[in-house]
1. Mind sorting 167, 200 by how few other Cβ atoms lie within 10 Å of their own Cβ, fewest first?
2. How many angstrom separate the Cα center of segment 6-78 from the Cα center of segment 105-123?
3. Working out 0.36 nm times the residue gap between residue 57 and residue 75, then minus their Cα-Cα distance, what length gain in nm do you get to one decimal?
4. Compute the Rg to Rh ratio over segment 35-104 from the alpha carbon atoms, using the Kirkwood formula for Rh, and round to two decimal places.
5. Under the definition of Cα pairs under 8 Å and six or more residues apart, what whole-number percent is the relative contact order of the chain?
6. Using the per-residue mean of other Cβ atoms lying within 10 Å as a proxy for protection, in what order, highest first, do the peptides 126-133, 171-178, 87-94 fall?
7. Tell me the angle of helix 150-163 to the major Cα principal axis of the chain, expressed in degrees between 0 and 90 and rounded to the nearest ten.
8. Sort 12, 207 so the one with the fewest other Cβ atoms within 10 Å of its own Cβ comes first.
Ligand SMILES: [Zn+2]
């Protein structure tokens with residue numbers, strides 16, 4: 001992890017975030033200005049999408065820098081959910097990027113289950129998650145209640161991560177999904193795997209007609 005980022009680092013992160021946002025929008029996972037994306041710059045700062053912009057039409061001006069307490073480093077307005085990104089970077093130096101979407105399927109899954117977590121086993125695609133080398137694994141994504149009190153949700157997530165390690169992401173009820181990884185490529189791989197696996201689970205429920 002760099003001690004201090006350079007203007008070039010910010011440029012690279014900005015373009016990586018925009019490129020990723022365009023891809024996620026093309027998948028239909030970021031409806032109606034929802035979702036937010038970030039990339040670590042160094043030990044204290046990350047680049048993150050500003051509040052309220054459509055994620056399929058971002059320009060470099062729609063990316064800003066915040067510190068890991070969520071404080072803006074310029075005049076732009078950060079996403080309301082900034083703390084859910086920065087608290088991850090502050091806690092774990094191995095986290096290089098964080099993606100959050102409001103995809104239809106991640107929202108649906110949280111609405112058809114009463115469980116406080118989503119447990120998965122025996123899928124070949126579990127191997128997409130960092131550290132998993134066989135389908136004979138079981139992994140778990142916690143499902144947190146939705147809230148507008150982002151500081152308390154961030155604290156709840158951090159408390160969970162103290163107990164459960166490794167953890168690759170979480171769901172928020174009626175809201176969407178958060179995932180992270182060592183860099184943007186790994187984080188994107190995690191998100192695509194989560195989306196695929198959620199779709200599998202929902203299709204199985206439909207076919208079998210049960211929850
Ligand atoms: Zn959100």
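A short reminder: the numbers here are calculations on the coordinates, not readings from a lab. Computed from a predicted model, the values in this text were never measured in an experiment. In this analysis, Cβ positions are derived from the backbone assuming ideal geometry, glycine residues included, and neighbour counts consider all displayed protein chains.
1. Working: 167 17, 200 14.
Starting with the residue having the fewest Cβ neighbours, the order is 200, 167.
2. So the two Cα centres are separated by 28 Å.
3. This chain segment gains 4.4 nm when fully extended.
4. 0.94
5. The value is 19 percent.
6. Going from most to least packed, we get 171-178, 87-94, 126-133.
7. The answer is roughly 60 degrees.
8. 207, 12
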